[in-house]
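The values are calculated or read from the model by the stated rules, or taken from the named source; none is laboratory data. Everything numeric in this text was worked out from a predicted model, so none of it was measured. No Cβ is skipped: glycine too gets one built from the backbone with ideal geometry, and neighbour counts run over all protein chains shown. In case anyone asks, the SASA skips ligands and DNA or RNA and just uses the protein heavy atoms, side chains included. Shrake-Rupley method; radii C 1.70, N 1.55, O 1.52, S 1.80 Å.
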Amino acid sequence: MILYPAIDIQGGRAVRLRQGRFEDETVYRDDPLDAARDWVAAGARFLHVVDLDGARDGEPRSLEHLARIAATTGVPVQYGGGLRSIEAVRGAVDAGASRVILGTAAFRDVDFLDAAVAELGSRVVVSVDVRGGHVATAGWTETTALPATDAIIALQDRGVRSFVYTDADRDGMLDGPDLDDVRAIADVVRGRWIYSGGIGTAEHLRALAALRLVNLAGAVSGKALYEGAFTVAEGQAALEGR
């Protein structure tokens, strides 16, 4: 399992939100590249970059930051936020994204999803963002009636094999994951997936690792890393059961 330090970009700065609420932000770095450099210097193997402005506006707003991060750090970057057309996806790849994270459009535009999977295969990751067990879209501002497990099954039928599952109700709260929920998601994912939401301590990461879920490939952490609850090295060791 791999620890994915999160860099959420809003207004050109690296921020974290509470429960995905745009108005409840904490700014951690004025330049997202500084955050990226910090995580890589601390041992990060991969970076998770989310364009919050893009997620809200429906088109990428932070490709220049992505390009700087990818070129400067030299580690793989998965990037999402506002990727709702094949042209936007290609733009993210051209800017240096190793993987592209699709959200809203993956649920609303099956032709686009099919085209992205056909073009990029396993480099396409679908973000299943959840409030109250149901899929949230449009930068988490709209909650659908679609249960997360049903969404994953339907997406897999269209060829998706990689997911980021985010518990938006826990995001930024540092209270840890709902392990029963994690098991339920693992039961339906046929490919690989990454957990995100509420990681607050290294013990939370050890608890995920202790589940021994063969399809759980890693976990995303942002606020806990920024606030020094554990280091990248300590988080990675926890996911490795050390």
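Being assigned to a helix (DSSP H, G or I), under 24 Å from L146 (Cα atoms) and among the small types (G, A, S) is true of A116. Under the condition of being open to solvent by 10 Å² or more (accessible area, probe 1.4 Å) and either more than 13 Å from V126 (Cα to Cα) or among the acidic types (D, E) (or both), the residues counted in region 150-170 number 5. Hey, can you tell me all the residues within region 99-111 that are assigned to a helix (DSSP H, G or I) and basic (K, R)? Residue satisfying the conditions is R108 alone.
Here is a list: G121, G96, G82. Which entry is part of a helix (DSSP H, G or I), open to solvent by less than 70 Å² (accessible area, probe 1.4 Å) and farther than 22 Å from G198 by Cα? If you could, list the steps in order and put the result at the bottom.
Values: G96 fails: part of a helix (DSSP H, G or I); G82 fails: part of a helix (DSSP H, G or I).
None of the other options fit; the residue is G121.
Yes/no per residue for (1) touching a helix residue (DSSP H, G or I) at 6+ places or on another chain (Cβ under 9 Å); (2) under 21 Å from A217 (Cβ atoms):
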| site | (1), (2) |
| --- | --- |
| F46 | no, yes |
| D53 | no, no |
| R56 | no, no |
| R61 | yes, no |
| E64 | no, no |
| Y79 | yes, yes |
| G82 | yes, no |
| R90 | yes, no |
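Here's the yes/no breakdown for (1) among the aliphatic types (A, V, I, L, M); (2) more than 14 Å from the chain's Cα centre (by Cα):
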{"site": "G43", "(1), (2)": "no, yes"}
{"site": "G58", "(1), (2)": "no, yes"}
{"site": "A70", "(1), (2)": "yes, yes"}
{"site": "P76", "(1), (2)": "no, no"}
{"site": "R84", "(1), (2)": "no, yes"}
{"site": "A88", "(1), (2)": "yes, yes"}
{"site": "A95", "(1), (2)": "yes, yes"}
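Across region 47-69, the qualifying residues are those that are open to solvent by less than 20 Å² (accessible area, probe 1.4 Å), touching a Pro at 6+ places or on another chain (Cβ under 9 Å) and not charged (D, E, K, R), and the one among them that is nearest to A95 (Cα to Cα) is L66. Meeting the requirement of 1 or more residues that are without any contact (Cβ under 8 Å) to a residue 24 or more places away in the chain, the strands (runs of 3 or more DSSP E) wholly within region 1-62 are 13-18, 21-29.
Evaluation of R108 against the conditions (1) free of Cβ contacts under 8 Å to residues at least 60 places away in the same chain; (2) open to solvent by 10 Å² or more (accessible area, probe 1.4 Å); (3) under 21 Å from V77 (Cα atoms) shows that the sole unmet condition is (3).
Condition check for A136 on (1) surrounded by 15 or more Cβ atoms within 10 Å (Cβ to Cβ); (2) modelled with pLDDT of 95 or more: one failure, at (2).
Yes or no: G172 among the small types (G, A, S) and either in a helix (DSSP H, G or I) or touching a Pro at 6+ places or on another chain (Cβ under 8 Å) (or both)? No. The set of residues in region 172-185 that are open to solvent by less than 10 Å² (accessible area, probe 1.4 Å) and of a type outside the set (A, V, I, L, M, F, W, C) comprises G172, G176. Looking at region 12-27, which of its residues are at pLDDT 95 or above and open to solvent by 10 Å² or more (accessible area, probe 1.4 Å)? Selection gives G12, R13.
V75 meets the stated requirement of being assigned to a loop (DSSP other than H, G, I, E, B) and surrounded by fewer than 23 Cβ atoms within 10 Å (Cβ to Cβ).
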